[in-house]
Every structure is written in structure tokens, then in C-alpha cells.
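> Got a structure for you, questions after.
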Amino acid sequence: MSTNPPNLRPDLAPRARITDAPRPGQPLIGMVSLGCPKALVDSERILTRLRAEGYAISPDYAGADAVIVNTCGFLDSAKAESLEAIGEALNENGRVIVTGCLGAEPEYITGAHPSVLAVTGPHQYEQVLDAVHAAVPPDPDPFVDLLPAAGVKLTPRHYSYLKISEGCNHKCKFCIIPDMRGRLVSRPAHAIGREAEKLVGAGVRELLVISQDTSAYGVDIKHAEERGHRAHITDLARDLGSLGAWVRLHYVYPYPHVRNLIPLMAEAQENGGGVLPYLDIPFQHAHPDVLKRMARPAASAKTLDEIAAWRAACPDITLRSTFIVGYPGETEEEFQYLLDWMDEAKLDRVGCFQYENVEGARSNSLPDHVPDEVKQDRWNRFMEKAQAISEAKLQAKVGSVQQVIVDAVDAEGATCRTKADAPEIDGNLFIDEDFENLSPGDIVTVEVDEASEYDLWGRLV
Ligand code: SF4
């Protein structure tokens, strides 16, 4: 899956580093965070704990007493990138603790880099902290090492990822995440609500809800109610939507109960906040036989009917998805079915991967692997169609009035996003006139006056 543009590759999300001025003698830990937004949340939690224990966070390798590398092991290319990052940290600093998805395969790491201090797997926060304590003993100062109200965040202050569960109960054949991360474990709804409240109280204006399977939230705990909060995605979305921030749902599968989320989005559109009319649904394919061969959840769902029902209830809904082309056994007819489905579905935002074997995935042993040149040809045809759809959809927004959130302001203008754009993976709306008084996190109203394939331009109204 190597030909997708980097900005659509969850495994190539930007490396995040944070800075923090240390007091004299304060132990310093560096962090390199690779991988998807879920890994970024893990890094934030580790750093929050370290910060609370009196460690400072080093902005570079040279000043750090040790460096944590939070790895990604989703694809072979991501594994190689993780090994490279570990090597770089060893060269630059020498004292390296490895954690994250690739940590589920410790011998893979120690085989390449035997001198790492410790290897821990995904979500083993306690073990990471133990490894840090062993490498660099803490030196807390209760008067100065106060934890920031919202913890340490690697994402800009005005938006934050909110992880609601971990692991996955499915067994999609191309995916090794359930082997690495285990079965679904949902966080209690009251704990998520408390974290969200703290984030919003600390200035966060947009919450990005993430998990491996957001629509399955609470299935493992039978949607139990605890402290007045039921662990179900509809209840959780309603609760989060009441906090006043934008709430964006990622990694939702087209289960029938997703229909119950759409009225919340339509309501929020009228009231100007809450659950955004945006669903990030990894369809991966449209042909029922390919979906069955992939062992996808909701493989038999009538997705076009679902999409039509969502749009009927909330006409402004934005649908983002990812697809795999060239899956083993995919025939030209099945691929053409996908293209025809795209013509009907008219998704707003689309990413596409060419199928690639991943070590340990069950799809590796399926018959009839598709030759590379056929995969490339299908990818080109798919992206051409997706781009044309995106361009037409954005063009149709010219002249409309939209609320946007400001991400950054520089001398040239303000970079913003509409409700239809998730950070890092979707497009932007640029304001290049009268932007001087804007600040990151502001939510303002603009009239769209220009569109390209992926981005919009507008002016304040
Ligand atoms: S739903 Fe499928 S692709 Fe997603 S994490 Fe679970 S097994 Fe992997």
C-alpha cells in the first residue's frame, strides 16, 4: 500500500515532538511519536504521566537523558520507518526505549537494534513508565511540576484526539491490528466524558473521536451504564456534543444503528455546534464478494441504501472513506463494480491503498494475487474518479456560507478547516484577506469564493 500520498497515510502521520523548558537538574525525556492518531494519543498519555512525575520533555535528542520511540507496525513500510527512527534515536542519543505497535514483536526490534534499553507493546503505559524510571530516575518537585489541566498534548491546543476504546473484535484478513492490540476494550463513558470536559475546559474547540471501531463502542461491556452514562456510541456522541466543542467521529462502520447518529448531526447543524455532520467510514471496497473475502464487518450491508438514508436525514453530511484496490482475487468486474458504486455514492473525501502483503496477515495466503501493474492501473483509475467527485463537490460549495475553525495564521493568511475537513487528512479553507485578527482555534463564518480539487478559499462575512 505504498502509493497513497503521505497525507492520506495513517501510518505516516507527521512525527510529533513537543517542547518543554526544564528546570535545572530536571530529568529530560525525548519522544518520537510515529503512526496514526491513536498512537499519538498513547504518546500524549505517556508524556502526561511523565510530566506529572517531574520529568521534562526534551525537544531534541542531544539534551535528553533517554528517548522514547512510539512505533507503528501497521504496514511493512511503517515497520521499516519505525526501525529507522529507532536507529536514528540510538545514533543521536544512545538511550532508547521502544513502545507502540511494533513493540508487540520485540525480537524484530532487538534483532535490528540490540542496544535498545527496553521494548514494550502498545498501551503498556505502566511498563513504559517502569522502563523510564529504570533508565532515568524521577526527580519530582511538587511545587513546579504541576500537571497542565488537560495533560500534555502533541496536537495543537484547539483540537484533540479522544480515544474511546482499544482493540477490535473483527478479523479482517488484511489487518493484523487485532493480533497486536487485542480484542475490543471500551473505556467507561463517564471517564471519556470527564476527559472531554477537561479538554474543552482547557481550550479545545474540536474533539476527534477515535478507536479501531467507533460504532462498536461499548459492545464488550454490554453497553453498561455507569455513573449515569451508558456506554453506547449514540449516548456518548450526544454527551460529547453537549459540551460546546465540535465533535468529529472517525472509524465508524456502517452498522444499522449508525442511522441514530445522523439526527444528532442534523440537530447540531441547526444549533451551530456539537456532533459534526461528518462520518469517516473505512468501506475498503464495495463489491460484496471482495468484502466477504476481506472478512469485513458489515460486509453484507446495503451501503448505498445506508448512505441515501443518512443524506436524507442530514443533507450536508460529509462522508470520508478509504479503499483497497488490487485485493487478492479482485477481478476487473469487481473493480468496475467499485467504480460504479463510487459514481452512486459520491463520497466527499477518499483515500486509496494498493493492496500489499503485511507479515502475519491472513490475506497473504489467499489465491490470485493481483499483479503490481494492474494494481497501479486500478489505483490510477480509482483516484481519477475520486478526484473528479471531490472537485465537483467542492466547486458546488463556491458561494456558500460555512463555519470554519482556524488552524494557523501567518503573514500570508489563515489556514482553516470547514466542518467537512478533519485535520491532517482532509483539505483546508484559506483566508488571505482581513485575517490579521484571527487566532488558531477561532471559529468564524466565511463565504467560499474559490475551490480547487481538494481545498477552498473564502472571505470573512
Ligand atoms: S475492523 Fe478490521 S481493519 Fe479495522 S482494526 Fe478491526 S480487523 Fe483491522
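The values are calculated or read from the model by the stated rules, or taken from the named source; none is laboratory data. Everything numeric in this text was worked out from a predicted model, so none of it was measured. All Cβ positions, glycine included, derive from the backbone under ideal geometry; neighbour counts span all protein chains shown. What goes into the accessible areas is simple: the full protein's heavy atoms, side chains included, and nothing from ligands, DNA or RNA. Shrake-Rupley method; radii C 1.70, N 1.55, O 1.52, S 1.80 Å.
> Only one of 304, 347 is in a loop (DSSP other than H, G, I, E, B), away from the ligand (no atom under 16 Å from the Cβ) and aliphatic (A, V, I, L, M); which?
Only one candidate qualifies: 347.
> Show me the strands (runs of 3 or more DSSP E) entirely contained within the stretch 36-133 in which 3 or more residues are over 27 Å from residue 324 (Cα atoms) and of a type in the set (Val, Ile, Thr).
Output list reads 66-71, 96-100.
> Additional query: State whether one or more residues within the stretch 166-176 are open to solvent by less than 50 Å² (accessible area, probe 1.4 Å), within 16 Å of the ligand (Cβ to nearest atom) and under 16 Å from residue 249 (Cβ atoms).
no
> Then there is this: Mind checking which pairs have a first residue in the stretch 168-188 that is closer than 20 Å to residue 326 by Cβ and a second that is in a helix (DSSP H, G or I) and near the ligand (Cβ under 10 Å from one of its atoms), Cβ under 7 Å, 6 or more apart or different chains?
172/294; 173/294; 174/294
> Further question: Which residue out of 183, 194, 187 is surrounded by fewer than 19 Cβ atoms within 10 Å (Cβ to Cβ) and away from the ligand (no atom under 16 Å from the Cβ)?
194
> Give the residue that is surrounded by the fewest Cβ atoms within 10 Å (Cβ to Cβ), with candidates limited to residues of the stretch 102-139 that are touching a Leu at 6+ places or on another chain (Cβ under 9 Å) and under 16 Å from residue 80 (Cβ atoms).
It comes out as 112.
> In addition: When residues of the stretch 322-350 are filtered for being out of contact with any Lys or Arg (no Cβ under 6 Å at 6 or more places or on another chain) and more than 24 Å from residue 368 (Cα to Cα), how many remain?
Counting residues in the stretch 322-350 that are out of contact with any Lys or Arg (no Cβ under 6 Å at 6 or more places or on another chain) and more than 24 Å from residue 368 (Cα to Cα) gives 6.
> Identify all residues within the stretch 187-230 that are in a helix (DSSP H, G or I), within 22 Å of residue 423 (Cβ to Cβ) and basic (Lys, Arg); write none if there are none.
Listed by number, the list holds a single entry, 198.
> Would you confirm, using the coordinates I've provided, whether residue 161 is open to solvent by less than 50 Å² (accessible area, probe 1.4 Å) and within 16 Å of the ligand (Cβ to nearest atom)?
no
> What are the residues in the stretch 95-118 that are modelled with pLDDT of 90 or more and within 21 Å of residue 58 (Cβ to Cβ), if any?
95, 96, 97, 98, 99, 113, 115, 116, 117, 118
> While we're on this one: Among the residues of the stretch 307-323, which ones are open to solvent by 10 Å² or more (accessible area, probe 1.4 Å) and assigned to a helix (DSSP H, G or I)?
308, 309, 311, 312, 313
> Could you list, in sequence order, all residues of the stretch 324-354 that are buried (at least 22 other Cβ atoms within 10 Å of the Cβ) and aromatic (Phe, Trp, Tyr)?
327, 335, 353
> Identify the residue in the stretch 258-301 that is part of a loop (DSSP other than H, G, I, E, B), more than 16 Å from the ligand (Cβ to nearest atom) and modelled with pLDDT under 90 and, among all such residues, is least open to solvent (accessible area, probe 1.4 Å).
This residue is 273.
> Might you check whether a residue that is touching a residue at least 60 places away in the same chain (Cβ under 8 Å) and under 18 Å from residue 165 (Cβ atoms) occurs anywhere in the stretch 243-265?
yes
> Okay, moving on. What's the total number of residues in the stretch 426-461 that are of a type outside the set (D, E, K, R), open to solvent by 50 Å² or more (accessible area, probe 1.4 Å) and not in a strand (DSSP E or B)?
Total meeting the criteria: 5.
> Here is a list of conditions, (1) open to solvent by less than 80 Å² (accessible area, probe 1.4 Å); (2) touching a residue at least 40 places away in the same chain (Cβ under 8 Å), and residue 362 meets all of them except one; can you say which number that is?
Of (1) open to solvent by less than 80 Å² (accessible area, probe 1.4 Å); (2) touching a residue at least 40 places away in the same chain (Cβ under 8 Å), only one is false for residue 362: (1).
> Could you tell me whether any residue of the stretch 400-408 is assigned to a helix (DSSP H, G or I), open to solvent by less than 50 Å² (accessible area, probe 1.4 Å) and at pLDDT 95 or above? Talk me through it step by step, then tell me what you get.
Here is the first cut: in the stretch 400-408, the residues assigned to a helix (DSSP H, G or I) are none.
No; the residues of the stretch 400-408 include none that is assigned to a helix (DSSP H, G or I), open to solvent by less than 50 Å² (accessible area, probe 1.4 Å) and at pLDDT 95 or above.
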